[in-house]
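Peer 1: Below you'll find the structure I mean.
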Amino acid sequence: MDIRLDGVGHAYGDFEVMRDITLDIPSGRIVCIVGPSGCGKSTLLRFIGGLERPTSGRILQIGDPPPDCLNPLTYVFQDFALLPWRTVTGNVSLALEDHRIGGAEAKAIIDDVLSRTKLTDFAKALPKQLSGGMKQRVAIARALAVRPAVMLMDEPLSALDSQTRELLMDDLIGLWTRTPFTAVYVTHNLAEAVRLGHLIVVLSRRPGQIRQIVEIDKPLAERGYADPDLEDSQKQLWMLMREEARAADAELIDA
Amino acid sequence: MTTFNRRQTLALIGAAAAAGLATPAIAQNRKVTVGALRFTSHSASFIALERGYFADAGLDVELKFFQAAQPMAVAIASGDVDYAVTAVSGGLISLADKGAIKVIGGALSEEPGIDGQKILASDAAFQAGLTSPAQLGGKTFGMSTAGSSFHYMGSKVAAAEGVEMSFKPLQKVGAIIGALKSGQIDAWSIVPHIAKPLAGSGDVHIIGDIADYLPNYQVTTVFTSAANASDERETTESFLAAFSQGVSDYNATMIDRASGDEGVDQMVDLIHKYVYTDRPRDNAAPSIINGTMRLNEGAALNIASVRDQLEWFQSEALVDEAITLDTLVDASYVNTIDA
Amino acid sequence: MPDATLAATPARDKVRAVDFRGGGFAPKTRRWVGIAVFIVLIGFVEWGTQAGWISALTLPKPSDVLATFGELYASGLLFQHLGPSLTRLVVGATIGASIGVTTGVLIGLFSYIRAGLVPLVAAIFPIPKIALLPLFVIWFGIDEGSKYALIAFGTFTPTVVATYGAVDNVDRTLIRMGQSFGLSWFSIVRKIVLPGAMPGILSGLRISLAIAIILLVAAEMLGAEYGIGAYILQAGSLYDLERLFAGVVILSILGVIVSAAIGAIERHLLGWRT
């Protein structure tokens, strides 16, 4: 299943935040969206997931999601959004309960995703007992449990320290390599974008428009920490964005 | 030997007491606070103030009004009020037991032949057959609190009729009236100026007189702090003398009608300054006249009735059994009636 | 090297440890102090009343209060009073709190209900419920009905306010998360909103139940022959300070028990809190 954004624009009254975004998200690829703060990256992600409606343009699904898919468009949030009163298992099973999956079937799914995210030993732990990286693993496990057609990841690593971020990036690459999935990955961190993205969409400052789409050919599995090829791409991206970021930074809020 | 009936006895005692009490040396403009409720039964204090009897006795009296007898007793105990008139209640006896107050005289009395307190039945209970106190068995009887005068009256009536009632504490007279009118309780007893208008409305029926059960019931007494009774003898005597003059005026005008209708009119004008002030005078007059009950001449105290009340409170375990009549009463100020 | 010169220049002056100034302002558990305060206070009153410089009119002897309490227990009257009071408390508070929680959740979830009921709740919150007692007697009868109603009404308003505040405070990102996983409306309410609001609801209940105990005395003003409140009111009108204090102590103990019970529920239900 592919996703197509067709002339998406958005405004709050007279305040235009996004203009004419047309973009294809091909199946099996990770598309990273980067841009200066306030360019509407996260809003765009909420449009794709159907949590908000754009004022103009359309979001289209092309083709049917795979038959075993429970929740085609599934989010991973920046602040994890785990239910603090449920254990790791409970949080993962939350996503399954409304799909009338229980008993052995649910257990098999949960065991599978927990082992894929290396959480098997933490199945009974409460979120308050987990580190930030573990919490985000739980959120990823929960997302995987519903076998999404597209994962919508909203700055999933921004709340973590840089070492944990590296570890989780390795994990995400490992997950994708074993079973490729489609993802839209919003971030302001260019290092993450070049590590994880097959396509990197650069947005301009408000009103957000597509400035450029950069494709990185190097297979995910071959990209590593401090990879010189990636450093180049990252530098290139930064040159593209630098002025936009400076201008966005100097803007008054609500001016 | 001449036999006196009770009325005559009281009048004689009163006259003697008034004569005896009028003599004390005039106190020197002492400031005195007198507690009162806005009831006609407190008229003696109003008259003594309005007609200058207190001033003549050298007392600079300030009236302090209360909503209920209970806080007035507390105010005496705390020293905020010097003298007041109220019914004997468990609270009053307990305060006396704690050495805070003393009963020094009598005021309102039940007297056969004069309209006294009425026994009331709610309309619902009346229609269901509660037409005389004999049918009170198993009924509910309203009272302000356990150990109040309502509790005493109800118990005495029930005992005399040989029946059992349950008593409902409702704290305030207003609440009891509401409960009686709406049939939440079956019966109650109250002074005539409240009983008669209630019966007139048809929601409530008068089924008997308290005087038939407690013929010489000393309804209210004059009391003061124990310190006043023992240490301020002169002031206390002055107060009682002036108060007694008020009592005489009240009885003479309102009961014996010594100055005819004109006298009653004047008295009603005076009392209306303090009682039913929220009603126009013409509206208030019938209630004031209806509420007339005899006050004891010379503030004489019916010690027999007080003893009976004390014993009843003790038998109900509402107050300590060890309390003696002397703890409650200082009988050295006024004449006492032991019948 | 400039970094090295920086370290070398101000040397040779006197050397001393840096003053510590970070003490205090960090409450620690000192369990026995509370009990000690009680003991000292009661001991002081006992001494004063025994010695006579606290008059019998001012305060009763604590030992007499204890004796009164003993008599109350021995005569079986304690349970005759406690039974009806606890029934009133449980029935009234259950009705008030359950309607309150339901209403609070509805206010939290539906804009129209919020718009309609929040001003109404704000209007009835400051009414002294005791003032309405005579009205309740007409509506619900002088027996148990009016007492349940008074306690229920008194617990209702604080529960509503606490509950809708708690629902408002449920993390919106959790609700968004529920929606993003395609949970039904009912599932979101049951699995996200209610557990998320539970801390606020329970701390609201702490206040509501204390109010219920206060209102117990008021409820027993009208037409109660038995009950802790009736017992206290009677003791007050009889000026029996020993019984008055014995009754007040019972209410205090009741308050402590209720508070401890809610504490236990909180530990059980809210163990997930950090």
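Peer 1: Under 21 Å from the Cα of A:K41, which lysines turn up, not counting those fewer than eight places away in the same chain?
Peer 2: Within the straight-line limit of under 21 Å, A:K41 reaches these lysines: A:K235.
Peer 1: Among B:V204, B:L214, B:A241, whose Cα lies farthest out toward the positive end of the dipole of the stretch B:188-318, if unit charges sit on the beta carbon of Lys, Arg (+1) and Asp, Glu (-1)?
Peer 2: B:V204
Peer 1: Determine the dipole magnitude for the stretch B:118-212: charges of +1 sit on the beta-carbon of Lys and Arg, -1 on that of Asp and Glu, nothing else is charged, the reference point is the Cα centre, and the result goes in debye to the nearest 20.
Peer 2: Its charge dipole is roughly 260 debye.
Peer 1: With springs only between Cα atoms under 10 Å, which of B:E311, B:E111, B:E321 fluctuates most in a Gaussian network model of chain B?
Peer 2: Taking springs between Cα atoms under 10 Å, the residue moving most is B:E321.
Peer 1: In the neighborhood of A:W238, defined by Cβ-to-Cβ distances under 12 Å, what is the net charge if each Lys or Arg adds +1 and each Asp or Glu adds -1?
Peer 2: -1
Peer 1: Still on this structure, I have one more. If you count, for every residue in C:181-191, the Cβ atoms of partner chains within 10 Å of its Cβ, what is the mean?
Peer 2: 4
Peer 1: Another question, if that's okay. Please report, as a whole percent, how much of the solvent-accessible surface of the stretch B:118-212 comes from carbon and sulfur atoms (probe radius 1.4 Å).
Peer 2: Ligands and nucleic acids excluded, carbon and sulfur reach 50 percent.
Peer 1: While we're on this one: Suppose R0 equals 51 Å; then what is the FRET efficiency for C:I42 and B:D338 from their Cβ-Cβ distance, rounded to the nearest 0.05?
Peer 2: 0.65
Peer 1: For the protein assembly as shown, place one equal point scatterer on every Cα, skip the solvent, and apply the Debye formula. What is log10 of I(q)/I(0) at q = 0.04, 0.06, 0.08 Å⁻¹?
Peer 2: For the requested q values the scattering log ratios are -0.37, -0.65, -0.83.
Peer 1: Is there a simple number for the mean count of other chain Cβ atoms within 10 Å of the Cβ of residues in B:85-94, and what is it?
Peer 2: 3
Peer 1: If I model a spin label at C:R273 and A:S27 as a point 7 Å from the Cα along the Cα→Cβ vector, what separation in nanometres do I get?
Peer 2: 4.9 nm
Peer 1: Going by a ≥ b ≥ c, the root eigenvalues of the Cα gyration tensor, does chain C fall in the rounded group (a/c under 1.5), the prolate group (a/b larger than b/c) or the oblate group?
Peer 2: In terms of gyration-tensor shape, oblate.
Peer 1: While we're here: Amide H to amide H under 5 Å from C:I54: which residues, 5+ apart in sequence or cross-chain, H placed 1.01 Å off N in plane?
Peer 2: Answer set, sorted by chain and number: C:T49.
Peer 1: While we're on this one: With label points built 7 Å along Cα→Cβ from the Cα atoms of A:N189 and A:T55, find their separation and express it in nm.
Peer 2: 3.3 nm
Peer 1: Right, here's the next one. If the cut-off is a Cα-Cα distance under 15 Å, which aspartates and glutamates reach B:K64, setting aside same-chain residues fewer than 8 apart in sequence?
Peer 2: Within the straight-line limit of under 15 Å, B:K64 reaches these aspartates and glutamates: B:E50, B:D80, B:D82.
Peer 1: A further question on this structure: Sort C:D240, B:D212 by accessible area with a 1.4 Å probe, largest first.
Peer 2: Largest accessible area first, the list is B:D212, C:D240.
Peer 1: Let me ask something else. Among A:110-119, A:47-56, A:70-79, what's the highest-first ranking by average C-beta atoms within 10 angstrom per residue?
Peer 2: A:70-79, A:110-119, A:47-56
Peer 1: Taking each residue of C:192-204 in turn, how many C-beta atoms of other protein chains fall within 10 Å of its C-beta, and what is the average?
Peer 2: Counting other chains' Cβ atoms within 10 Å and averaging over C:192-204 gives 1.
Peer 1: Using a 7 Å offset from the Cα along the Cα-to-Cβ direction at both B:K64 and B:A227, what is the distance between the two label points in nm, to one decimal?
Peer 2: Each label point lies 7 Å from its Cα, and together they span 1.2 nm.
Peer 1: For a protection proxy built on the mean count of beta-carbon atoms within 10 angstrom, sort C:94-107, C:61-74, B:177-190 highest first, please.
Peer 2: B:177-190, C:94-107, C:61-74
Peer 1: Can you give me the solvent accessible area of A:T179 with a 1.4 Å probe, rounded to the nearest 10 Å²?
Peer 2: 70 Å²
Peer 1: Now for a different question. Please report the accessible area of C:L59 (heavy atoms, 1.4 Å probe, ligands and nucleic acids excluded) in Å², nearest 10.
Peer 2: 50 Å²
Peer 1: What aspartates and glutamates sit close enough to B:K172 to cross-link, taking a C-alpha to C-alpha distance under 20 Å and skipping anything fewer than 8 places away on the same chain?
Peer 2: Once the sequence-local aspartates and glutamates are set aside, what remains near B:K172 is B:D186, B:D203, B:D278, C:D143, C:E144, C:E220, C:E225, C:D240.
Peer 1: Further question on the same structure: If Lys and Arg each add +1 and Asp and Glu each add -1, what is the summed charge of the other residues whose beta carbon sits under 11 Å from the beta carbon of C:V91?
Peer 2: +1
Peer 1: Here's another thing I want to ask about it. For an R0 of 25 angstrom, estimate the FRET efficiency from the Cβ-Cβ distance between A:D112 and A:D2 and round to the nearest 0.05.
Peer 2: 0.45
Peer 1: Further question on the same structure: About the Cα centre, and with charges only on the beta carbon of Lys, Arg (+1) and Asp, Glu (-1), how big is the dipole of chain B? Nearest 20 debye, please.
Peer 2: 500 debye
Peer 1: Using only the Cα atoms of the stretch B:179-223, each taken as one equal point scatterer with no solvent, compute I(q) by the Debye sum, divide by I(0), and report log10 of the ratio at q = 0.23 Å⁻¹.
Peer 2: For the requested q values the scattering log ratios are -0.88.
Peer 1: Looking at chain B, I'd like the Rg to Rh ratio, where Rg is from alpha-carbon atoms and Rh is Kirkwood's inverse mean 1/r.
Peer 2: Across chain B, the Cα-based Rg/Rh ratio is 0.96.
Peer 1: For A:V138, C:V256, what's the largest-to-smallest order of accessible area, 1.4 Å probe?
Peer 2: C:V256, A:V138
Peer 1: Calculate, for B:E321 and C:S63, the FRET efficiency according to 1/(1 + (r/R0)^6) with r their C-beta to C-beta distance and R0 22 Å; round to the nearest 0.05.
Peer 2: Working from the Cβ atoms, E equals 0.65.
Peer 1: How much length would be gained if the chain were fully extended between C:S252 and C:S98, taking 0.36 nm per residue of separation minus their Cα-Cα distance, in nm to one decimal?
Peer 2: 53.0 nm
Peer 1: Between the stretch A:176-197 and the stretch B:184-231, what is the separation of their alpha carbon centroids in Å?
Peer 2: Value for the Cα centre distance between the two parts: 92 Å.
Peer 1: While we're here: Assigning unit charges at the beta carbon (Lys, Arg +1; Asp, Glu -1) and nothing else, what dipole magnitude in debye, to the nearest 20, does the stretch A:26-79 show about its Cα centre?
Peer 2: With only Lys, Arg, Asp and Glu charged at Cβ, the dipole is about 240 debye.
Peer 1: If you take the charge dipole of chain B about its Cα centre, with +1 on Lys and Arg Cβ and -1 on Asp and Glu Cβ, which of B:A128, B:A299, B:G154 is farthest toward its positive end?
Peer 2: Result: B:A128.
Peer 1: Give a residue-ordered list of calculated ³J(HN,Hα) values for the stretch B:80-87 (Karplus: 6.51 cos²θ - 1.76 cosθ + 1.60, θ = phi - 60°; whole Hz; x for Gly, Pro).
Peer 2: Listing the rounded values in order: 7, 10, 8, 9, 7, 10, 7, 6 Hz.
Peer 1: Also: What does the C-alpha gyration tensor say about the overall shape of chain A? Classify as rounded when a/c is under 1.5, otherwise prolate if a/b is larger than b/c, or oblate.
Peer 2: prolate
Peer 1: Let me ask another. Heavy atoms only, 1.4 Å probe, whole protein assembly: order A:C69, A:C39 by accessible area, highest first.
Peer 2: A:C69, A:C39
Peer 1: Report, to the nearest 10°, how far helix B:233-250 tilts away from the longest principal axis of the Cα atoms in chain B, using its own Cα long axis and a range of 0 to 90°.
Peer 2: 60 degrees
Peer 1: Cβ under 11 Å from C:E225's Cβ, C:E225 left aside: what net charge do those residues give with Lys, Arg +1 and Asp, Glu -1?
Peer 2: That sum, taken over residues with Cβ under 11 Å, equals -1.
Peer 1: Using only the Cα atoms of the stretch B:118-212, build the gyration tensor, take square roots of its eigenvalues as a ≥ b ≥ c, and label the shape rounded, prolate or oblate: rounded if a/c is under 1.5, else prolate if a/b is larger than b/c, else oblate.
Peer 2: rounded
Peer 1: If you count the DSSP beta bridges with both ends in the protein assembly as shown, what percent of them are antiparallel, to the nearest 5?
Peer 2: Antiparallel bridges: around 50 percent, rounded to the nearest 5.
The values are calculated or read from the model by the stated rules, or taken from the named source; none is laboratory data. It should be emphasised that the depicted structure is a prediction, and the values quoted were computed from it without experimental measurement. Note that each Cβ is placed from the backbone with ideal geometry, even for glycine, and that neighbours are counted across all protein chains shown. Quick note on the areas: whole protein, heavy atoms, side chains included, nothing else; ligands and nucleic acids left out. Shrake-Rupley method; radii C 1.70, N 1.55, O 1.52, S 1.80 Å.
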